[in-house]
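Computed from the coordinates by the stated procedures, all read-outs in this text should not be read as laboratory data. Nothing here was measured: the structure is a model prediction, and the numbers come from that model. All Cβ positions, glycine included, derive from the backbone under ideal geometry; neighbour counts span all protein chains shown.
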């Protein structure tokens, strides 16, 4: 959990994950289920349904996820050809980053994962 003794404008987790489950990366329903589960797991409130669109050419094709939350957004890009995923969770309310990472791994089974967490303040 982020240190809540100091207030920041934003709390931002980025995950770069390689060689994830191709079945999961290419399944819009699975991606939507993940978005809903993540919102609940990190105690956020969804603002509408997750938006999931498949587009792109050749090795750049894949789904993009946008889930608005009352305190900002969750965005992810999924690459069909490599199984790579790039996830951003940004909120002006603190959340448990380990819960977010664990849930991500449960849903997408990455072979490689690199994450960064930073606070944001203008």
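Computed quantities for the displayed model
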| quantity | calculated |
| --- | --- |
| Per-residue Cβ neighbour rank within 10 angstrom, fewest leading, 109, 60 | 60, 109 |
| Efficiency of FRET from Cβ geometry, residue 93 and residue 33, R₀ 22 Å, rounded to 0.05 | 0.45 |
| Potential lengthening between residue 16 and residue 114 on full extension [0.36 nm per residue; Cα-Cα distance subtracted] | 34.8 nm |
| Potential lengthening between residue 47 and residue 122 on full extension [0.36 nm per residue; Cα-Cα distance subtracted] | 24.5 nm |
| Mean residue ellipticity (222 nm) of the chain, computed from DSSP H runs ≥ 4 via -39,500 (n - 2.57), nearest 500 | -7000 deg cm²/dmol |
| Average Cα contact separation per residue, the range 10-120, under 8 Å, 6 or more apart, as relative contact order % | 43 percent |
| GNM result for the chain, Cα springs below 10 Å: residue of 73, 16, 59 fluctuating most strongly | 59 |
| Stretchable slack from residue 66 to residue 86, in nm (0.36 nm times residue separation minus alpha-carbon distance) | 6.0 nm |
| Principal semi-axes in Å for the chain [√(5λ), Cα gyration tensor, largest first] | 25, 15, 13 |
